[in-house]
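K.L.:
Pasting a structure below so you can have a look.
The values are calculated or read from the model by the stated rules, or taken from the named source; none is laboratory data. Quick caveat: nothing in here was measured; it's all calculated off a predicted structure. Using ideal geometry, Cβ is built from the backbone for each residue, glycine included, and neighbour counts are taken over all protein chains shown. Keep in mind that these areas ignore ligands, DNA and RNA; they rest on the heavy atoms of the full protein, side chains included. Shrake-Rupley method; radii C 1.70, N 1.55, O 1.52, S 1.80 Å.
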Amino acid sequence: MQYPQPTAEAIDAEVARLQPRYEAFMQAQGETPDPAQLREWATENLREQLILETEAKAAGKTVAELMEAIAAEVPEVTVEEARAEFRAHPERFVAPERVHAQHIVLHREDYTAAEALPELLNLRAKLLAGEIAWEDAVARHSACAGNSDLGFFPRGAMVEPFEEAAFAAEEGAITDVVETPFGWHLIRVLSHLPEEPMLFEEAKEGLMASLREARTREALERFVDERKGGSAATEA
């Protein structure tokens, strides 16, 4: 089968679309962006797209349906394959440092700083003195009483002031008032776990999904590469 070639105008448009991401990628690699390389990448993107569109039309499918059909032919990843990958690359499977925290929050839309700070400081003093239980304080004061327990989370999961306070606190501690874009918080840290190797069962689901994704991507690349020899035909 012969496939159409991308026009110069289409390549120009694809270069413009890819340029911001391409330049950011090259800078992250410490390399100088190369306009010729960018144009080559843009041209290859369009050639592959035209191949998929032509093959899909010939099969009476949309491109999405064709890609789904190709993916359906990919063998499933077995637990044994995932376990072998896990054993071969243990450095990839490390649970990050995490804390388990709960919080009491007063939202900005409901309070000013002048109102929120004294209320939370007074509440913290009562908590530390044992005059009120944490659960009661949550129920009576927090704007998110039903979502006070945040579970375990790693760095990068919360806004910076909240994260800094939570990771700096000792287990069992209740922080001073922490201000974030959402409002004012008291944070109670229940547990602090260091970075540690993951167990296979912890990594299995995500690992099998990533192996399946890689296998599907390789199948799509093979499908297109096998047809590129016939793509030097008519201009689109």
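K.L.:
Which of the residues that make up the stretch 209-229 are touching a residue at least 12 places away in the same chain (Cβ under 8 Å) and either surrounded by fewer than 16 Cβ atoms within 10 Å (Cβ to Cβ) or more than 12 Å from Met67 (Cβ to Cβ) (or both)?
P.N.:
Selection gives Leu211, Arg212, Arg215, Arg227, Lys228.
K.L.:
Can you find a residue that is part of a strand (DSSP E or B) and open to solvent by less than 60 Å² (accessible area, probe 1.4 Å) anywhere in the stretch 131-146?
P.N.:
No - not one qualifying residue is present in the stretch 131-146.
K.L.:
Residue by residue through the stretch 73-119, note down the ones that are assigned to a helix (DSSP H, G or I), touching a residue at least 24 places away in the same chain (Cβ under 8 Å) and within 10 Å of Trp184 (Cβ to Cβ).
P.N.:
Within the stretch 73-119, Ala113, Ala116, Leu117 meet the criteria.
K.L.:
In addition: So which of Glu65, Glu44 is open to solvent by 70 Å² or more (accessible area, probe 1.4 Å), of a type in the set (Asp, Glu) and assigned to a helix (DSSP H, G or I)?
P.N.:
Glu65
K.L.:
Ala101 - would you say it is open to solvent by less than 30 Å² (accessible area, probe 1.4 Å), among the small types (Gly, Ala, Ser), in contact with a Ser or Thr (Cβ under 9 Å, 6 or more places away or on another chain) and under 28 Å from Pro154 (Cα atoms)? Quick ask: steps written out before the conclusion?
P.N.:
Numbers: open to solvent by less than 30 Å² (accessible area, probe 1.4 Å): yes; among the small types (Gly, Ala, Ser): yes; in contact with a Ser or Thr (Cβ under 9 Å, 6 or more places away or on another chain): yes; under 28 Å from Pro154 (Cα atoms): yes.
Criteria met by Ala101.
K.L.:
What is the one condition in (1) modelled with pLDDT of 95 or more; (2) of a type in the set (Ser, Thr, Tyr); (3) surrounded by 14 or more Cβ atoms within 10 Å (Cβ to Cβ) that Tyr3 does not satisfy?
P.N.:
Only one criterion in (1) modelled with pLDDT of 95 or more; (2) of a type in the set (Ser, Thr, Tyr); (3) surrounded by 14 or more Cβ atoms within 10 Å (Cβ to Cβ) is unmet by Tyr3, namely (1).
K.L.:
Any chance you could count how many residues in the stretch 185-204 are under 19 Å from Phe167 (Cβ atoms) and either acidic (Asp, Glu) or surrounded by 13 or more Cβ atoms within 10 Å (Cβ to Cβ) (or both)? Let's see the steps before the verdict.
P.N.:
Of all residues in the stretch 185-204, those under 19 Å from Phe167 (Cβ atoms) come to 185-196.
Now narrow it down to the ones that are either acidic (Asp, Glu) or surrounded by 13 or more Cβ atoms within 10 Å (Cβ to Cβ) (or both): 185-190, 192-193, 195-196.
Total meeting the criteria: 10.
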